[in-house]
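The values are calculated or read from the model by the stated rules, or taken from the named source; none is laboratory data. For clarity, every value in this text was computed on a predicted model and none was experimentally measured. Neighbour counts run over all protein chains shown; Cβ positions are idealised from the backbone, glycine included. For the accessible areas, the whole protein counts, side chains as well, though only heavy atoms, and no ligand, DNA or RNA atoms are used. Shrake-Rupley method; radii C 1.70, N 1.55, O 1.52, S 1.80 Å.
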Amino acid sequence: IETYSQGVKYTDTATKDFLDQLNALDRPVTVIWYGDHLPGIYTPEMSNPANLLTLHETDYFIWSNTASGHQGTKLANAAYTSPNYLLAQGAEQMNAKVSPYLAFLTRMHEQIPAMEPAITSGNWADPHKGAPVYLDASGKRITSLSKEQKELISDYKLTTYDMTIGKNYLAKDGFLTTPSSKTGAASVPQK
């Protein structure tokens, strides 16, 4: 635990120095920083199902320098997220034009703020073993999905399949490309 704590201290110091250097630049920069969950050194805590989600939570932030004009932007619905949403959140932070895919992820993040495949390995005593984890905006596990949430998850699975092992129909149709401003680019809804 002492080694881990010292590593966190070094990371905090290095991250601050890095952001200070980026803030001194006269061009816009946005950083998406996603950490890692706690190490598996908490054996008694790991055996308690009530700790399952807490021990897998990860710190993250989206930061923009002064030159970007977006420094200090606070995103709505940002308390909980998952890595699949970070690009969409970064685009929202920068108020950038987005592809239909990032607009879809933004909509999905509004409905299902965080998602993760089932945690079934190691010593985790997950009472929901084998089921994906979906969290609401307050970090509570969603146990009953709405019709819209189910449709979004289905669309997400189809999209992911197409982009990874499918025939890339979506890429060919421009779903992953940000439209030019002449054609009316999709935008991330601002709250």
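Give the calculated FRET efficiency between Ala50 and Phe18 to the nearest 0.05, with a Förster radius of 41 Å applied to their Cβ-Cβ distance.
With R0 = 41 Å, the Cβ-Cβ based efficiency is 0.70.
Over the heavy atoms of Glu57, what accessible area does a 1.4 Å probe trace out, to the nearest 10 Å²?
Accessible area, nearest 10 Å²: 90 Å².
Using the charge dipole of the stretch 24-176 (Lys, Arg: +1 at Cβ; Asp, Glu: -1 at Cβ; taken about the Cα centre), state which of His56, Ser154, Pro117 has its Cα farthest towards the positive end.
Farthest towards the positive pole: Ser154.
For the chain, what is the accessible area per residue in Å² when the probe is 1.4 Å?
Values: 11820 Å² over 191 residues.
So the chain comes to 62 Å² accessible per residue, rounded to a whole number.
Filter Lys97/Lys150; Lys9/Lys74; Lys74/Lys140; Lys9/Lys157; Lys140/Lys167 down to the pairs with a C-alpha to C-alpha distance above 30 Å, please. The partial results should precede the final answer.
On the way: Lys97/Lys150 27 Å; Lys9/Lys74 25 Å; Lys74/Lys140 21 Å; Lys9/Lys157 38 Å; Lys140/Lys167 36 Å.
Lys9/Lys157; Lys140/Lys167, as the Cα separations exceed 30 Å there.
Stretch Ile165-Asp59 to full length: gain in nm at 0.36 nm per residue minus the Cα-Cα span?
So the extension gain works out to 35.1 nm.
Rounding to the nearest 20 debye, state how big the charge dipole of the chain is about its Cα centre with +1 on each Lys and Arg Cβ and -1 on each Asp and Glu Cβ.
640
Using R₀ = 41 Å, calculate the FRET efficiency as 1/(1 + (r/R₀)^6) where r is the Cβ-Cβ separation of Ala96 and Tyr10; round to 0.05.
Numbers: r = 32 Å, r/R0 = 0.79.
According to the calculation, E is roughly 0.80.
From the helices alone, meaning DSSP H stretches of at least four residues, give me the mean residue ellipticity at 222 nm for the chain, per-run term -39500 (n - 2.57), in deg cm²/dmol to the nearest 500.
Working: 7 runs with 74 residues, N = 191.
When only DSSP H runs of four or more count, the value is -11500 deg cm²/dmol.
So how do Val8, Val29, Val98 rank on accessible area, 1.4 Å probe, biggest first, that is with the largest at the start?
Ranked from most to least accessible, the order is Val8, Val29, Val98.
With the contact rule set at Cα under 8 Å and sequence spacing of 6 or more, what percent relative contact order holds for the chain? Spell out each step's value before the answer.
Values: 237 pairs, mean separation 38.9, N = 191.
So the answer I get is 20 percent.
Provide the gained length on full extension for the span Asp26 to Gln149, in nm with one decimal, where the gain is 0.36 nm per separating residue minus the Cα-Cα distance.
40.1 nm
With each pseudo-label sitting 7 Å past Cα toward Cβ, what's the Ala79-Lys140 distance in nm, one decimal?
1.1
May I ask you to give the percent of accessible area on the chain that is carbon plus sulfur, with a probe radius of 1.4 Å?
The value for the chain is 54 percent carbon and sulfur by accessible area.
Taking springs between alpha-carbon atoms closer than 10 angstrom, which of His109, His70, His37 fluctuates most in the Gaussian network model of the chain?
His37
Given a 1.4 Å probe and heavy atoms of the protein chains only, how would you sort Ile62, Ile41, largest accessible area at the top?
From most accessible down to least: Ile41, Ile62.
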